[in-house]
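The values are calculated or read from the model by the stated rules, or taken from the named source; none is laboratory data. Since this is a predicted model, take the numbers as computed values, not measurements. All Cβ positions, even for glycine, are placed from backbone atoms using ideal geometry, and neighbour counts span all protein chains on display. These accessible areas exclude ligands, DNA and RNA; they are computed on the full protein's heavy atoms, side chains included. Shrake-Rupley method; radii C 1.70, N 1.55, O 1.52, S 1.80 Å.
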Amino acid sequence: MTSGAPTPTYPARPRRSRLRTFLPLGIAAWLVLEIWLLTVVADAVGGLTVFLLLLAGLVLGSVVIKRAGRRAFQALNEAMQRGGTPSSGGGNGLMMLGGLLIMLPGLISDAVGLLLLIPPVQKALSGYAERTFDRKLREAGSGSLGDAFQQARIHRPDGKVVQGEVIRDEPGDAPQEPRPPLMG
C-alpha cells in the first residue's frame, strides 16, 4: 500500500578513493607485522631486551623531535627578524616525522624513522614531495582549489545538503546607509 508520496531518489554515492579504501588495511597489516616482529625478537633475545629497545626508542625519538622543533623555531625566528619568510625547512618536518616513528613502539617504525634522519634521504624525499605537490596543484587547475574556500554547504535537518556560494561585499560596493544605534 502506498501513500501517494513519491519515493525519494537518492543520488549515487561517490566512489571511495583508493587511499580511503586501502589505508585502514595497510595500517592494520603494519600493526600485525610490528607485533609479530616484536614477539619473534623477544623470543630470540628476551623480553627485557625488547622492552629496553622500545624505551630507548621513546627517549631517542623525543630528543630528535625536540631538536628538530628547536631548529624550525630558530629558522622561523631568524626569518621574522629579517622580515621575510623562512626558506626551505631544512628537513625539520622529516626529522620530526622520523622522531615520531622512532617513538612509536615497533621495530619497523624505528627502522623507517632512523632512515628519515639520514640527510640524503631527507633531501630525496623532500624533492619528491615538492614535485608531487606542484604537479597535483597544476592538475587541479583553476576553479577547484581556489574556489573551494568560497563554497559553502548547508546541512538541513532532514539530511539534505544545499550547495551555496559565499559572496563578500566590499566596503565600496554598496552605498552606505546610516545605521540605527545599537542601544537605544
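Structure values in brief
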{"quantity": "The one condition in (1) part of a helix (DSSP H, G or I); (2) at pLDDT 85 or above; (3) open to solvent by 60 Å² or more (accessible area, probe 1.4 Å) that ARG135 fails to fulfil", "calculated": "(2)"}
{"quantity": "Residue in the range 73-91 that is in a helix (DSSP H, G or I) and either within 23 Å of ILE27 (Cα to Cα) or touching a strand residue (DSSP E or B) at 6+ places or on another chain (Cβ under 6 Å) (or both) present", "calculated": "no"}
{"quantity": "Residue match in the range 103-113 (condition: at pLDDT below 90 and acidic (Asp, Glu))", "calculated": "no"}
{"quantity": "Lone unmet requirement of (1) open to solvent by 70 Å² or more (accessible area, probe 1.4 Å); (2) in a helix (DSSP H, G or I) for LEU101", "calculated": "(1)"}
{"quantity": "Residue match in the range 152-166 (condition: under 30 Å from VAL50 (Cβ atoms) and either at pLDDT below 90 or of a type in the set (Asp, Glu) (or both))", "calculated": "no"}
{"quantity": "Subset of the range 14-57 (residues that are more than 19 Å from the chain's Cα centre (by Cα) and not in a helix (DSSP H, G or I))", "calculated": "PRO14, ARG15, GLY46"}
